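Encoded as structure tokens, the structure appears first; notes follow it.
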Amino acid sequence: MYLILASLVLAASSITASPQDAPAIQSAPSKTAAKTVDAVGNAKLTSMIGATLEDKSGKSFKTADVLKGKKHVLLYFSAGWCPPCRAFTPDLVKFAKANAGAEDFAIIFVSSDRSQEAQMEYLKKYKMPFYTIPFDAKGNKSVKSAYAGSGIPNLVILDDQGNALKGSYETDGKYTPKNRQSYVGPKKVLAAFPKMRTETGPKG
């Protein structure tokens, strides 16, 4: 009798059990899920920058589209009023134009100019084929707070997880932006980048 009752209780409990009481069954991710995982790269930087980036003509681009699939992002902290910046900018422009078809990295100019007009004038004068964060966007302050050094020009190389791999301030191979005495300049950073691209396997 007790055995029959116990069986009935177990059967009833299995019928009334709520979904959260059942163990989750893990299945292989779908193709859609896999694409979502792939899109996680650069999510940190995308969120920090905000929805849009611009080019030298003022045209807007979706930040997520610009950074999609990029294994590296080069942040160029600079300003038109800065003589050392004006001296280095042509080198970065030349590099960008030589790699115009590359799909594995993007260059983003983070301005320290004093106005939007000055920012756009600097971009146009040097024909920078870079993206830039809109002058009055919150992303300017956020990106500077996270990655800027004690001065400019500063070129910082990020991986797709938002980690600073190399920058114009460096101590024992590590980016040390708050140590003004560790400044090595952007030329050394740019010179090291081709090897870094090769090691991570560029797409284009």
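Tabulated values for the structure
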read-out: Förster radius 22 Å - calculated FRET efficiency between Gln161 and Phe95 (Cβ-Cβ, nearest 0.05); value: 0.40
read-out: Kirkwood-based shape ratio for segment 94-204, expressed as Rg/Rh from alpha carbons; value: 0.95
read-out: Mean Cα-pair separation over length for segment 39-200, i.e. relative contact order, pairs under 8 Å, 6 or more apart, %; value: 26 percent
read-out: Full-stretch length increase - Ser47, Lys188 - with 0.36 nm per residue and alpha-carbon distance subtracted; value: 47.9 nm
read-out: DSSP-loop trypsin sites (Lys or Arg not before Pro) across segment 89-192, with at most 10 other Cβ within 10 angstrom; value: Lys178
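Coordinate-derived values only; no laboratory data. All of these numbers come straight from a predicted model, not from anything done at the bench. Cβ: placed from backbone, ideal geometry, glycine included. Neighbour counts: every protein chain shown.
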